[in-house]
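What follows is a set of notes on a single structure, which appears directly below.
The values are calculated or read from the model by the stated rules, or taken from the named source; none is laboratory data. Just so you know, these numbers come straight off a predicted model, no measurement behind them. Here the Cβ is made from the backbone with ideal geometry for all residues, glycine too, and neighbour counts use every protein chain on show.
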Amino acid sequence: MQRMTSWTMTLAAGALLAAGGCGRPSAMNDLPPHQMDLSAPLAASRAASPGRNGVPPTRGPSANPWAPASGYRQWKYIVIHHSATEEGSAAVFDRAHRRRGWDELGYHFVITNGQGGADGAVEVGSRWLCQKWGSHTGGTPDNDYNNRGIGICLVGDWSVKLPTSAQVASLRRLVIYLARTYHISLHDVIGHRDAPGAKTACPGDAFHKYLHGPLKADLAREWP
């Protein structure tokens, strides 16, 4: 995961929203198993009314916890990363990114592997809830894969082995949900290294081959 080049232009931290918005960590046992909200300002995004004119629904009291807290952004890509660490979670990576001077967690979603979070748990960062541009795929032309790319991090080092079956199952459900909701093509589901200008081995050789082989073949059978 590379730091984006325009961090000096990030928004200053603002007031936390009420429940259901961009608050401190909270858990939700639904689909996915756990949700984590990490504090961040509300980014400017186009207002939306649930279900109207094809606009993706925002999150209500009984809505899918993967839905954003308010508004939506025009997403085009899904960029999959690995943490290249044996353990971790959204909270751990959030602290690490802040220590580097970033505004908050760079990913939109983190899928844990049982070491730092439940195996297959999808942790939702406030970057997603607030529909804020990503900070996970730097060095691309016009920063497009941050501006319009949803960043998903699989905890683990997948250079020589694959994620857990629970992680893969959660990733599959999450990617299908995002593709259907935001009209993302299968072609635009990529590994970090696939982004133009990216100089990285992420998301690991083993997972990269799996992504562009068996996983995409499986996804294609249910693709929107």
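Assorted remarks:
- Only listed residue being closer than 20 Å to Ser83 by Cβ, touching a Lys or Arg at 6+ places or on another chain (Cβ under 9 Å) and at pLDDT 95 or above, chosen from Gly151, Gly156: Gly151
- Pair list, Cβ < 8 Å and 6+ apart or interchain, from region 197-224 residues that are within 15 Å of Ile152 (Cβ to Cβ) to residues that are hydrophobic (A, V, I, L, M, F, W, C) and loosely packed, with under 13 Cβ neighbours inside 10 Å: Gly204/Val160
- Condition met for Ile190 (in a loop (DSSP other than H, G, I, E, B), at pLDDT 95 or above and within 16 Å of the chain's Cα centre (by Cα)): no
- Residues that are out of contact with any Leu (no Cβ under 9 Å at 6 or more places or on another chain), crowded, with 18+ Cβ neighbours inside 10 Å, in contact (Cβ under 8 Å) with a residue 12 or more places away in the chain and in a helix (DSSP H, G or I) do not occur anywhere in region 149-168.
- Test: residue in region 126-145 that is part of a strand (DSSP E or B) and in contact with a Phe, Trp or Tyr (Cβ under 8 Å, 6 or more places away or on another chain): no
- Restricting the first member to region 111-126 and to residues that are within 14 Å of Ala166 (Cα to Cα), and the second to residues that are of a type in the set (Asp, Glu) and not in a loop (DSSP other than H, G, I, E, B), the beta-carbon pairs closer than 7 Å and six or more apart or on different chains are Thr112/Glu123; Gly117/Glu123.
- Verdict on Lys216 being surrounded by 15 or more Cβ atoms within 10 Å (Cβ to Cβ), assigned to a helix (DSSP H, G or I) and modelled with pLDDT of 95 or more: yes
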